[in-house]
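What follows draws every value from the coordinates through simple rules; no lab data is involved. Given the structure is predicted, the values throughout are model-derived calculations rather than measurements. As a convention, Cβ positions derive from the backbone with ideal geometry for all residues, glycine included, and neighbour counts pool all protein chains shown.
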Amino acid sequence: MTDDKEKQAKAVEAQEAAANKEVDPVQRALGDFGWWQFWIAFSLSLLKFPIAWHQLAIIFLAAKTPFKCEDGFVHANNTIGDRCSTRDPLTHQIVPCQRFVYDRSVFQETINTEWNLVCGRYQLSNVAQSVFMLGVLIGNVLFGVFADKYGRKVPMIFSIVLLLVAGVGTSLAPWYELFLPLRFATAMAIGGLMITSFVLTMEVLGGKWRTIVSTLHHIPFNLGHTSLGLIAYFIRDWRQFQLAITLPALFFFSYWWVVPESPRWLLAMGRKKEACKILTAGAEHNKRKLDSDFEKSMNVPAEKSNDNKANVFDLFRTPNLRKKTLAVFFNWTVCGLCFYGLAQYMGEIGGNIFVNVASSGLIELPGAFLCIYLMEHFGRRNTLLSANLITAMACILITFLPQNSDVEHIKFILASLGIVGSSIAFPTIYLFSGELFPTVVRNVGVGTASMCARIGSVIAPFVSSLGIFNVYLPPLVFGTFPLIGAVLCLLLPETQGSQLPVTIEDGENFGLKKSQQPPKAANGTSNTGFVADEQL
């Protein structure tokens, strides 16, 4: 009996040894998670503060300020058109107003008050935010290419330099026409920071920690959202405010010495000595012992040849995969539209703008932890569907409220609930789409889906400003889109606990029929190595 147990123990050890050979060298050296990975993940997550500040800064840069025509002709009902008109003293005809008087009791100066972005020019502040989101998209793409070619660290540091230069330049811009390209450059830097920092974080993690950290990685973004209201409360001039959210980038120059290059990228580039040095240091911090022949055994598994043959168009060639792809892309658009749109809408619903923005950031925090619990216990599809319904119902309920100051706190609660729904939907759709798309097109599929989120965020400022025509339009649009997204979720199969599709054929069959679905993974969990970030 004892001999049998010894044989079984040896067999288990042999299996574990064989399994270790299959583990990539990074995971073999560092393990899935340890103190070394924790400090890297923590350090890089701090970059989420400037990312949140600059992405949401338009709330205060272009804060809505009461105004009237300086020439004094205003009708009794005081509508937008009236504030934009005056009577010509010579002809006595009604003409467009040329000079405005602003209420500076809350904000000393904004881009609206400095450059008169009101009346016929009121959409220019929305253009500034849409251009910013477009810059984030281009920054994601460009710095993603640079990160593959030059490593994760160098492009990340360059992003910090660009952020500092363009951010300070924006605060000094004397004209709107210069403000716009400088803000675009700032956005490119933010896009670069998002992609490089997140990829570097994920490439030193393994196993379930990729999913956990990819979700918790967003918490500093929520804290940045909250602290933005505090910064704006003490700094009421837009130039000083822009400078205040930019100068902390000086601190991140220290990352040149603090954060190492991705050992996984170094191995992929054949720079084994540099990778071995980093992995050895990481293993020491994690108190792991490396084999004497570890450096010799470091090899990067070759990709399957068919991985490079598939492209994004393959997602639309077959009916079932096309249906799932379109449903996923629409839900990404909804996430970008509702999250950034509602964040900006919070500054326009009345009440104290500083409290509204700070509170909405705090309310997002439970969403990250709740998202992990919901996905684990109720699956990806049900979590995404429920999150969309929460956002939809909260926004639609706003349209039933009367327009007076007595219900501003109810509007705030409902809008905050909508943001909570969006904060749950964003990380869910990242993981869900990564598990739905076949391996051969997973990266390009999720990358294209992320572009759909950027399209939503580009449109968001204009939707938020529809209130100038009818106060019920913004919440109605923000409620309708996630409602459609929730319905489209019914077309998607559940991926939790399933072996992920590898080929295009697998992707077409997945969810089509039970008999054609990939079998459950042996350990009951997903085998995906994919993780993604909420603000990519």
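For the range 457-479, the residues whose amide N sits under 15 Å from a probe point set 7 Å from the Cα of PHE400 along the beta carbon direction are 476, 479.
Spatially, the range 462-502 and the range 210-229 are offset by 22 Å when compared through their Cα centroids. Using the Cβ-Cβ distance between GLU505 and ALA244 with R0 = 56 Å, the FRET efficiency computed as 1/(1 + (r/R0)^6) comes to roughly 0.55.
Our note on the geometry: Cα centres of the range 153-201 and the range 372-443, 29 Å apart. The value given for the range 139-269 is a Kirkwood hydrodynamic radius of 16.0 Å, derived from the mean inverse Cα-Cα separation. Diagonalising the gyration tensor over the Cα atoms of the range 417-463 and scaling each eigenvalue by 5 before taking the square root yields semi-axes of 23, 15, 5 Å, largest first.
In terms of surrounding Cβ atoms within a 10 Å radius of their Cβ, PHE198, PHE42 rank from fewest to most as PHE42, PHE198. Taken one residue at a time, the phi angles of the range 40-47 give Karplus couplings (6.51, -1.76, 1.60, θ = phi - 60°) of 5, 4, 5, 4, 6, 5, 5, 5 Hz. Gly and Pro are set to x. Measuring between alpha carbons in the structure, the pairs from LYS48/LYS68; LYS48/LYS208; LYS149/LYS323; LYS324/LYS411 lying more than 31 angstrom apart are LYS48/LYS68; LYS149/LYS323; LYS324/LYS411. Note on LEU326 and HIS285: the extension gain reaches 10.2 nm, defined as 0.36 nm multiplied by sequence separation minus the Cα-Cα distance. Computing FRET efficiency as 1/(1 + (r/R0)^6) for GLN93 and PHE38, where r is the C-beta to C-beta distance and R0 is 45 Å, gives about 0.05. For the range 134-192, which chymotrypsin sites (Phe, Trp or Tyr not before Pro) are in a loop by DSSP, counting at most 13 other Cβ atoms within 10 Å? When the chymotrypsin sites (Phe, Trp or Tyr not before Pro) of the range 134-192 are filtered for loop state and at most 13 Cβ neighbours within 10 Å, TRP175 remain. Taken along the Cα-to-beta-carbon direction at a fixed 7 Å, the label points for ILE138 and GLU494 span 4.4 nm. To the nearest 0.05, how large is the calculated FRET efficiency for GLU376 and GLU109 if R₀ is 56 Å and r is the Cβ-Cβ distance? That pair, GLU376 with GLU109, gives E of 0.70.
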